[in-house]
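Before any comments, here is the structure.
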Amino acid sequence: MTDFRNTHTIEHNPDSIIAVGCSCTYGTGVDTHETWPAQLELSTGLPVYNFGVPGGSLDTCYRVLDTFLPAIQSRYVFVQKPSINRRELIHFGEYMQIGHWSKQFTELLDPLEIELNERRQLHAIDNITNRYNSKLVIIDFDSDGYTKGTDNSHPGPDWHKALSNKFKESI
Amino acid sequence: MEKNNFRLWHSVEYNPDSIIVAGPSTDYGIGVEMHECWPYLLEQMLDIPVYNLSVPGGSVDTCYRVLDTFLPIIQSKKIIAIPALVARREIINSHAKFNNGPVRNSIYIQIGSWSPDYQFLLDPEELELNVKRQRDAIASITREYNSELILLEYPTQWLLDPEHSFPHVHDYSKGTDNMHPGPDWHIAVAEYVRKHYFND
């Protein structure tokens, strides 16, 4: 599917897992089969929808859930928590990922605004998953001590494997 | 009594047997005296403390922010949220103090048609998603504190109410600013809320 590394059809499929997060969920720096959503699918046998977005934020996680959760209604929603110092904005029909790289819309990165936004997004994500009776698990997983991916910036396959195992414990 | 830019007449403290009202200027009571605004009248009718945490120029964003600040302290069992479903937003600028109408020396910027520098936050698609996001966030934070959430949505309330009995501002007098509703509307809203949500 465009912009996602998701291989599954979007349809009602409660016996599934939705994975959201940033480039670390998308799998920048690793192959598709090495991403934590792909490894989780392999180890659980449940279809895992990879809705990771490079540059994504908690705002993005909510937006993606708002788009896909009503259709799929997965029993599990697993969030790989992105940096809180990022935002997302819809601007003339496009999703703008805002972070340290941005020249525009940096008003949204004010420290107090960021602090409030984290709580707001987490509450919003909690409510949308609650509405669909999905079990919500959020993990903020450090990549220190793991290898790097092929871009020498994002985490490598061992990090993805470890995170996949962490999420699997929640099932 | 004006406290911290709110029309609060109670101390902010743990008080679960109370009601929080979080809305925009109409609920703050712009155009009427404090003792004439509907949250004050509701308190008189029910004999339950009402915290009026409404903000002039406020948006659905403001509604969540106010609950995030005060609900953990007061932990009211009833929350009446009035998310203004109009093209408004709020963001924080921690380096500045803004004077937004009656809101003085605030770091909270109320954004609307009057804010040329922040029109990017008022993109129609962005607004539509934002309303859903904030409403979800408001529902979650009230559930976290075991509070009952009552959503009053003025532009649609009149249509949603099968009796069409929600007081429509056009049927009432204007306040002293000749724009916001006058005292008779506030009396009617207090009566409506009491009748529909408090079985009194």
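You will find that of A:THR106, A:THR150, the residue that is without any contact (Cβ under 8 Å) to a residue 40 or more places away in the chain and among the hydroxyl-bearing types (Ser, Thr, Tyr) is A:THR106 and no other.
Identify, please: which residue in segment B:6-59 is of a type in the set (Ser, Thr, Tyr) and either in contact with an Asp or Glu (Cβ under 6 Å, 6 or more places away or on another chain) or free of Cβ contacts under 8 Å to residues at least 12 places away in the same chain (or both) and is, among those, nearest to B:ILE74 (Cα to Cα)? Steps first, answer last, please.
First pass over segment B:6-59, keeping only residues of a type in the set (Ser, Thr, Tyr): B:11, B:14, B:18, B:25-26, B:28, B:40, B:51, B:54, B:59.
Applying the additional criterion that residues be either in contact with an Asp or Glu (Cβ under 6 Å, 6 or more places away or on another chain) or free of Cβ contacts under 8 Å to residues at least 12 places away in the same chain (or both) yields B:11, B:54, B:59.
On the way: B:SER11: 9, B:SER54: 15, B:SER59: 22 Å.
Only one residue fits best here, namely B:SER11.
Which one is nearest to the other protein chains (Cβ to nearest Cβ), of the residues in segment B:118-148 that are crowded, with 19+ Cβ neighbours inside 10 Å and of a type in the set (Ser, Thr, Tyr)? Selected residue: B:SER140. Of note, B:ASN146 does not satisfy the criterion of being touching a strand residue (DSSP E or B) at 6+ places or on another chain (Cβ under 8 Å) and at pLDDT 95 or above. Scanning segment B:134-149 for residues that are in a helix (DSSP H, G or I) and either of a type in the set (Ser, Thr, Tyr) or more than 17 Å from the chain's Cα centre (by Cα) (or both) yields B:SER140, B:THR142, B:ARG143, B:GLU144.
Among the residues of segment A:102-118, is there at least one that is within 14 Å of chain B (Cβ to nearest Cβ), more than 18 Å from A:ASN85 (Cβ to Cβ) and aliphatic (A, V, I, L, M)? No; the residues of segment A:102-118 include none that is within 14 Å of chain B (Cβ to nearest Cβ), more than 18 Å from A:ASN85 (Cβ to Cβ) and aliphatic (A, V, I, L, M). Once segment B:149-185 is narrowed to residues that are surrounded by 14 or more Cβ atoms within 10 Å (Cβ to Cβ) and closer than 27 Å to A:ILE128 by Cα, the residue that is modelled with the lowest pLDDT is B:TRP158.
From A:ALA124, A:ALA71, which residue is aliphatic (A, V, I, L, M), closer than 19 Å to B:ASN130 by Cα and in contact (Cβ under 8 Å) with a residue 60 or more places away in the chain?
Residue meeting the stated conditions: A:ALA124.
Every condition in (1) modelled with pLDDT of 95 or more; (2) closer than 28 Å to B:ASN199 by Cβ; (3) not in a loop (DSSP other than H, G, I, E, B) holds for B:PRO16 except the one numbered (3). Consider A:THR28 carefully, then state whether it is polar (S, T, N, Q) and modelled with pLDDT under 95. No; evaluated as a whole, the condition is false for this residue. Restricting attention to segment A:133-160, the residues being over 17 Å from the mean Cα position of the chain (by Cα) and part of a loop (DSSP other than H, G, I, E, B) number 10. Please determine, by comparing only the residues of segment A:70-89 that are touching a Lys or Arg at 6+ places or on another chain (Cβ under 8 Å) and of a type outside the set (Ser, Thr, Tyr), which one is farthest from A:ARG131 (Cα to Cα). Checked segment A:70-89; the qualifying residue farthest from A:ARG131 (Cα to Cα) is A:GLU88.
Scanning segment B:60-80 for residues that are touching a residue at least 60 places away in the same chain (Cβ under 8 Å) and more than 13 Å from chain A (Cβ to nearest Cβ) yields B:ILE73, B:ILE74, B:GLN75, B:SER76, B:LYS77, B:LYS78, B:ILE79, B:ILE80.
The values are calculated or read from the model by the stated rules, or taken from the named source; none is laboratory data. From a predicted model like this one, the values you see are computed outputs, not experimental measurements. Glycine also receives a Cβ, built like all others from the backbone with ideal geometry; neighbour counts cover every protein chain displayed.
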